[in-house]
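These notes are about the structure you will find just below.
Nothing in this text is a laboratory measurement; each read-out follows from the coordinates by a stated rule. Computed from a predicted model, the values in this text were never measured in an experiment. Counting neighbours? That spans all protein chains shown, and the Cβs are built from the backbone with ideal geometry, glycine included.
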Amino acid sequence: MDSKKRKYGFVDFFGGYIDNLGQLTIVNLIFCVPMIFFIGILYLLNMAGFVNLPIILLAIPFMSPFLAGLFYVVLKVTRQEKIKPVRDFVKGIKENARYFLINSVIVYIITFGLSLAFSLYYSAESNVFLILSFIFTIIFTVFFVFMENSILTMTVSVELKFFDMIKNSVVLVPGGFLNHLKVLLSFIALAIFMLTFNMFSRGILRIVMIVIPFLLFLPVFSAYIIVFLTYQSVEMRVIEPFQPQDENKNMDDDYMADMNTEELEKLAQGDPDEFVYLNGKMLRRSAIKKMLE
């Protein structure tokens, strides 16, 4: 859908999710399969006494390729495009797994470091230096999370070098601060909602109230929150500046199929490293040339 006609209101958010509820539930179930596998491995390691924080955090790189598929699907929902659960999930993995994996290694290291820092603050005696360090760590954590929202969204929506995405994500923290804040508040509200249900549950019912939401909607809904809110800033500050001013075609799912070879060849002409806007995604001319090969 044309970015100038796309809306990002409250109704659009829930409307997009509900319209694709069945497909998104399928995607969520697919995503849960490797997650359950990893949890099973952790359970076996725990029985053997080998579970610790570094091993638990391995879930980050282990799940990163599957997260790429998840984010790609919800990006298409955000752009109001038709989705095919299995095909799009697999396509998202194939096209974006490498950058998601690279990013997951960075996230793993920083998350482990932050965990050690917070453990130190908890156990150490309070003093001025410790308080200032704690405040700095909180600010850094929030800044890093906001950067990650942009990096994950850009990875599935624009074709850029990973370092360029990091630079853009830094700019998008102040540039898209309001949207990042909405993401944070949405997750706080979601956590309160889940905790409220669990407060009134006991025994097996409590387990059910954790497992069922996880299987049916929690991962995909969380990814949808991030992409729906963050993509607004990415679209305005990263994609639209590169969009040709005279390009008014409606780039929906079928547009790519409707383009003939001659049109693609015209887009491929010029500097191979120059970006062109095609079907809601910025592509290098060199990438279009590869498509024609």
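Too long at a 19 Å Cα-Cα cut-off: which of Lys82/Lys290; Lys76/Lys290; Lys167/Lys266; Lys161/Lys290?
In this structure, Lys82/Lys290; Lys76/Lys290; Lys167/Lys266 lie more than 19 Å apart at Cα.
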### Task
Return the whole-Å distance between the Cα centroid of the range 4-81 and the Cα centroid of the range 120-189.
20
### Summary
Residue-ordered couplings for the range 99-111, obtained by feeding phi - 60° into the Karplus form 6.51 cos²θ - 1.76 cosθ + 1.60 and rounding to whole Hz (Gly and Pro as x), are 5, 5, 5, 4, 4, 5, 5, 4, 4, 4, 5, 5, 4
### Query
So, in nm, how far is label Asp19 from label Phe177 when the simple model puts each one 7 Å beyond its Cα toward the Cβ?
3.3
### Calculated FRET value between Val33 and Ile106, using beta carbons and R₀ = 25 Å, to 0.05
0.45
### Query
Of Val77, Phe66, Phe50, which is farthest on the positive side of the dipole of the range 16-109, counting Cα position, with +1 on Lys and Arg Cβ, -1 on Asp and Glu Cβ, and the Cα centre as origin?
Val77
## Note on the structure
Placing each pseudo-label 7 Å from Cα in the direction of the beta carbon, Phe50 and Arg237 end up separated by a distance in nanometres of 4.4
### Task
Output ³J(HN,Hα) for the range 26-37: one whole-Hz value per residue in order, computed from phi by the Karplus curve 6.51 cos²θ - 1.76 cosθ + 1.60 with θ = phi - 60°, and x for Gly and Pro.
4, 4, 4, 5, 4, 5, 6, 4, x, 5, 5, 4
### Task
Work out, step by step, the length gained on full extension between Phe118 and Asp12: first 0.36 nm times the residue separation, then minus their alpha carbon distance; give nm to one decimal.
34.3 nm
### Query
Can you give me the relative contact order of the range 10-242 as a percent, contacts being Cα pairs under 8 Å and 6 or more apart?
28
